[in-house]
Amino acid sequence: MSTFLLIAISGLGLGSLYFLLAAGLSIIFGLMRVLSFAHGAFLSISGFASWMVLRSFETPSTPRLLLALLVAVLTGGAIALVVEVLLIRPLKGKELEQLLATVGFGMVLVSLMAGTWGPDEHLIPRPQWLTSTTSIAGAPISNSRLLLIGMAAAVMVGIHLILSRTRYGLIIRAGVENSAMVSALGINVKRAFTMVFVAGGMLAGLGGGLAGTYYGGISPFLGDSMLIFSFIVLIIGGLGSINGALIAAVVLGVSQSMANYYVVNGIGDVLVVVLLVATLLVRPQGLLGQKERLI
Amino acid sequence: MTRSAALRYAGVGLLLVVLAVLPFLHRSVGGLLPGPINSPGSLQVLALVMVAAAVAITLDLMFGYTGLASFGHSLYVGFGAYATVILSNNPKLGFALGVPLAIALSAVVAVVGNAAALRLTGLGFSMATLAMAQGFSIAVERGFLGSGGEVGVTFARGVLPDALRGVMNTRNAYWLALALVVVVYGVCAVLVRTHVGHVWQGIRENPLRTKVIGYNVYAYQLASATISCTMAAMCGVVFAVVMGGANPSIAGLHYSLAVVLMVVLGGRGVLWGAALGGILYQFLTLRLPSLSSSDVITRLPDPLQVPLSQPNFFLGVAFVLIILFMPGGLASIVTGRRRTVTRRRGPTGGGDRGLPATPAVSR
């Protein structure tokens, strides 16, 4: 039983990581209809940013870890801002071109990271309390997983509060419905686009910082391997739906970990794709996606 | 036949003759190739370049002509290569039965995979194809179904026919790859000029209007994707012959994106443009690493050396610049802007959805 719980919570941690990437991608897609392939690279470079803050310490203190996470978030946001202004904005209205531009930028960023720091994994030192475990119902759960799950839950609550309680949230929700109408009413949708893209980049940045603590290391290619699963989460959950992304992230993370542990290592990754194909056949718009959105 | 058409055919014929006699030339071309042109190392590079050109042409059929942006083309190239090696290594089948069986299996996979993925349109289709290719790539990297894991699989001793075996016969593999390009180009060039090909281009421009005229858009898309992916699997067969086996480098996201990049680089909706993109991309990825370890680069200061040592840096920058400033790819230099495939969209950008700016009406 304790093994089962351990695997389940590990899967939840993995799902949280997928969710952090997918949530950003989902709002961006909902509002701007842009699917960013550069988010994996955003995650990796933010992971490296947190590594720069932490690397000179044997066991960094908790404030130092928080600083590293903050730096990671800011790095993700800053790079996303550059991409939005230089690549996304000039290609407005051309969905495929925007997507391809992010593909190219992601390639450039990953090759720069690989050229600067080498292709291998760099170890990220962690505070003492993160590497130890907490006993939950007899199962020793690593604290880094609990941190990840807690952060993802906080992000989910935060996104909901912003979307439902603030003026910007209102603009974003209206823009998702009909951005032409919103700009006709005199609201600066362009600025909302930039903000949403930067927010998505910051979420990827947080994901990068947390992935470093979760895996204990960072490599230039970590983000891209996470990105693929985040895309699968997006499609299963329904493109543009954050609640769908949450459900899909949890289901995928847990079932992937379970299958990898109980059946054969690696089969869980294949299972995820099987789940995707099954979803496409039964409900092509995804769990909570709206049908006309997908076209 | 007009005079310009005659000139064009003569030019293509001359190019083919030059490409066909390359293996007889014993000349060194500086650092461009690993040795003299007719050395096995150089011929293998050239053969891989030809395979890449053929793969790019097949993707152009569904992406450039039908508007289906597949991000999972590596699934079919990889499946073709792996199926060829694994089936041929089966003593009951051998190479002679293994290859046709591999192509037939690939066709089945192409029908099933695309039939599922085409339930989504636009970006959803891209994501679905990407994810399926990734599933295959994971399976291959983990070594499921005897695929050998990270090292891949090679033809067992004596499986390949004599003419294609061994270092000294690399030129036969090169000719095979050249023949592949000619066949794939020929099939695609004929297809896009038929009635069916015109319907595909109609779907690319506006799926909804094509449907309203009375065409079964799904069936036409499925036909285009199936033909394209089956030919991609044939490219995989030739890849396996050239490399003497299959490895995970042609399965997975990286290769899928590389093929998309080749087509966009060369020019969407222009077959020879896609081939040119494939040739350039494959040649640069194979040869830039050895160029960057040369003296000229290693003497440069660090901040310059880092980007120059990464082929993907060049290709990524070139890719982004082409998307921003030359949406028709390199081919548009020759064909002019008339034939670029960027869609004319309304101010609200509803082009891909077929319905301009009315998505929210029903709610």
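The values are calculated or read from the model by the stated rules, or taken from the named source; none is laboratory data. All values reported here derive from a predicted model rather than from experimental measurement. Ideal geometry is used to build each Cβ from the backbone, glycine not excepted, and the neighbour counts take in all protein chains shown. Surface accessibility is based on the protein's heavy atoms, side chains included, excluding ligands, DNA and RNA. Shrake-Rupley method; radii C 1.70, N 1.55, O 1.52, S 1.80 Å.
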Out of A:5, A:35, A:65, A:17, report the one residue that is open to solvent by 10 Å² or more (accessible area, probe 1.4 Å) and either assigned to a helix (DSSP H, G or I) or within 14 Å of chain B (Cβ to nearest Cβ) (or both). A:5
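Look through B:288, B:276, B:300 and report the one residue that is within 14 Å of chain A (Cβ to nearest Cβ) and either modelled with pLDDT of 70 or more or within 28 Å of the chain's Cα centre (by Cα) (or both). Walk me through it before giving the result.
On the way: B:276 fails: within 14 Å of chain A (Cβ to nearest Cβ); B:300 fails: either modelled with pLDDT of 70 or more or within 28 Å of the chain's Cα centre (by Cα) (or both).
B:288 is the lone residue from the list that is within 14 Å of chain A (Cβ to nearest Cβ) and either modelled with pLDDT of 70 or more or within 28 Å of the chain's Cα centre (by Cα) (or both).
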Just to be sure, is residue B:62 within 30 Å of residue B:230 (Cβ to Cβ) and open to solvent by 10 Å² or more (accessible area, probe 1.4 Å)? no
Looking at (1) under 26 Å from residue A:280 (Cα atoms); (2) open to solvent by less than 30 Å² (accessible area, probe 1.4 Å); (3) within 14 Å of chain A (Cβ to nearest Cβ), which one does residue B:200 not meet, given that it meets all the others? (3)
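Could you check, for the stretch A:197-213, whether at least one of its residues is of a type outside the set (A, V, I, L, M) and within 10 Å of another protein chain (Cβ to nearest Cβ)?
Going residue by residue through the stretch A:197-213, those that are of a type outside the set (A, V, I, L, M) are A:197, A:200-201, A:205, A:207-209, A:212-213.
In the following step, the residues that additionally are within 10 Å of another protein chain (Cβ to nearest Cβ) were identified as none.
No - not one qualifying residue is present in the stretch A:197-213.
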Boolean, residue A:148 is over 17 Å from residue A:45 (Cβ atoms), open to solvent by less than 10 Å² (accessible area, probe 1.4 Å) and within 14 Å of another protein chain (Cβ to nearest Cβ): no
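Look through B:139, B:96, B:133 and report the one residue that is modelled with pLDDT under 90 and in contact with a His (Cβ under 9 Å, 6 or more places away or on another chain).
Values: B:139 fails: in contact with a His (Cβ under 9 Å, 6 or more places away or on another chain); B:96 fails: in contact with a His (Cβ under 9 Å, 6 or more places away or on another chain).
Just one listed residue meets the conditions, B:133.
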Would you point out which residue out of B:142, B:119 is open to solvent by 40 Å² or more (accessible area, probe 1.4 Å), closer than 18 Å to residue B:68 by Cβ and at the interface with chain A (Cβ under 7 Å from one of its Cβ atoms)? B:119
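Would you check if there is a residue in the stretch A:256-271 being within 26 Å of residue A:164 (Cβ to Cβ) and either among the small types (Gly, Ala, Ser) or at the interface with chain B (Cβ under 9 Å from one of its Cβ atoms) (or both)?
At the first step, the residues of the stretch A:256-271 found to be within 26 Å of residue A:164 (Cβ to Cβ) are none.
No: zero hits.
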Test for residue A:158: is it open to solvent by less than 50 Å² (accessible area, probe 1.4 Å), farther than 20 Å from residue A:80 by Cβ and modelled with pLDDT of 90 or more: no
Looking only at the stretch B:13-27, which residues are surrounded by 10 or more Cβ atoms within 10 Å (Cβ to Cβ) and either in contact with a helix residue (DSSP H, G or I) (Cβ under 9 Å, 6 or more places away or on another chain) or in contact (Cβ under 8 Å) with a residue 40 or more places away in the chain (or both)? B:16, B:19, B:20, B:22, B:23
Can you find a residue that is part of a helix (DSSP H, G or I), at pLDDT 85 or above and of a type in the set (Gly, Ala, Ser) anywhere in the stretch A:133-147? no
Selected residue (only one of B:167, B:153 is over 17 Å from the mean Cα position of the chain (by Cα), open to solvent by less than 40 Å² (accessible area, probe 1.4 Å) and in contact (Cβ under 8 Å) with a residue 12 or more places away in the chain): B:153
Among A:246, A:281, A:288, which is the only one that is open to solvent by 30 Å² or more (accessible area, probe 1.4 Å) and facing another protein chain (nearest Cβ under 10 Å)? A:281
Looking at residue A:40, is it more than 30 Å from residue A:178 (Cβ to Cβ), modelled with pLDDT of 85 or more, over 15 Å from the mean Cα position of the chain (by Cα) and surrounded by 23 or more Cβ atoms within 10 Å (Cβ to Cβ)? no
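Out of the residues in the stretch A:107-129 meeting the condition of being farther than 30 Å from residue A:146 by Cα and within 23 Å of the chain's Cα centre (by Cα), tell me which one is most open to solvent (accessible area, probe 1.4 Å). Quick ask: steps written out before the conclusion?
First pass over the stretch A:107-129, keeping only residues farther than 30 Å from residue A:146 by Cα: A:107-109, A:111-112, A:114-116, A:118.
When the remaining residues are screened for being within 23 Å of the chain's Cα centre (by Cα), the result is A:107-109, A:111-112, A:114.
On the way: A:107: 30, A:108: 21, A:109: 17, A:111: 5, A:112: 56, A:114: 15 Å².
Result: A:112.
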Does the stretch B:180-188 contain at least one residue that is under 23 Å from residue B:41 (Cα atoms), touching a Cys at 6+ places or on another chain (Cβ under 7 Å), more than 14 Å from chain A (Cβ to nearest Cβ) and at pLDDT 85 or above? yes
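This table checks each residue for (1) more than 7 Å from chain B (Cβ to nearest Cβ); (2) of a type in the set (Gly, Ala, Ser); (3) over 29 Å from residue B:70 (Cβ atoms); (4) free of Cβ contacts under 8 Å to residues at least 12 places away in the same chain.
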| residue | (1), (2), (3), (4) |
| --- | --- |
| A:76 | yes, yes, yes, no |
| A:88 | yes, no, no, no |
| A:119 | yes, no, no, no |
| A:123 | yes, no, yes, no |
Could you tell me whether residue A:216 is at pLDDT 85 or above and either out of contact with any His (no Cβ under 6 Å at 6 or more places or on another chain) or buried (at least 18 other Cβ atoms within 10 Å of the Cβ) (or both)? no
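In the list B:49, B:112, B:99, B:77, which residue meets the criterion of being outside any loop (DSSP other than H, G, I, E, B), buried (at least 16 other Cβ atoms within 10 Å of the Cβ) and over 18 Å from the mean Cα position of the chain (by Cα)?
Values: B:49 fails: over 18 Å from the mean Cα position of the chain (by Cα); B:112 fails: buried (at least 16 other Cβ atoms within 10 Å of the Cβ); B:77 fails: over 18 Å from the mean Cα position of the chain (by Cα).
It is B:99.
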Report the residue count in the stretch B:170-181 for those that are crowded, with 17+ Cβ neighbours inside 10 Å, of a type outside the set (S, T, N, Q) and free of Cβ contacts under 8 Å to residues at least 60 places away in the same chain. 0
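Conditions (1) surrounded by fewer than 17 Cβ atoms within 10 Å (Cβ to Cβ); (2) without any contact (Cβ under 8 Å) to a residue 60 or more places away in the chain; (3) β-branched (Val, Ile, Thr), marked per residue:
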site	(1), (2), (3)
B:212	yes, yes, yes
B:221	no, no, no
B:263	no, no, yes
B:268	no, no, no
On the given criteria, is residue A:130 hydrophobic (A, V, I, L, M, F, W, C) and modelled with pLDDT of 85 or more? no
